[in-house]
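*Asks:* Below: one structure in structure tokens.
The values are calculated or read from the model by the stated rules, or taken from the named source; none is laboratory data. Values in this document were obtained by computation on a predicted structure and should not be read as measured data. Neighbour counts run over all protein chains shown; Cβ positions are idealised from the backbone, glycine included. With ligands, DNA and RNA removed, areas are computed over all heavy atoms of the protein, side chains included. Shrake-Rupley method; radii C 1.70, N 1.55, O 1.52, S 1.80 Å.
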Amino acid sequence: MAFRSIHAAILGALLAPAVAWAAPACKVQPAQLIAAWESDDGGHFEQFELNQRDGQRGFDSWLHERPDLLDGRWSFDPKTCRLRINHAASGQRWDYAVRMSGPDILLLREADETSSARYRKIANGR
């Protein structure tokens, strides 16, 4: 019995790097995210912009074409393809897995969701 558990542990240790290596690499670059985006199918934000000014990454959103959340910050980890948005004034934070379907379609998926929200680019960031 002990032999089987040792064998399983060794086999697991040998296969773990292969499984990690097989994971698809992130194909999204931070520069691709810098734009204004509009929801195509009921995402959390109706419209939002990810921008970069004076070395700072900013986030603003609009609801019914009026400002909703302003002066937020965002970060992107290209190793994990994770977009993190922090709006300190409201205490809200979002963490999304990111994919792009062409240069003008952004897909954002929260960790507890099974499907992605779809956004289309409406303008280049300022």
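*Asks:* If every alpha-carbon in the stretch 29-126 counts as one equal scatterer, what log10 I(q)/I(0) does Debye give at q = 0.13, 0.15, 0.16 1/Å?
*Replies:* Computed log10 I(q)/I(0) values: -0.39, -0.53, -0.61.
*Asks:* With each pseudo-label sitting 7 Å past Cα toward Cβ, what's the Asp112-Asp77 distance in nm, one decimal?
*Replies:* For the pair Asp112/Asp77, the computed spacing is 1.9 nm.
*Asks:* How much length, in nm to one decimal, is gained on full extension between Leu63 and Gln92, taken as 0.36 nm per residue of separation minus their Cα-Cα distance?
*Replies:* Numbers: separation 29, 0.36 × 29 = 10.44 nm, distance 1.60 nm.
Extending this stretch completely gives an extra 8.8 nm.
*Asks:* What accessible area, in Å² to the nearest ten, does a 1.4 Å probe give for Val28?
*Replies:* Spelled out: Val28, probe radius 1.4 Å, area about 10 Å².
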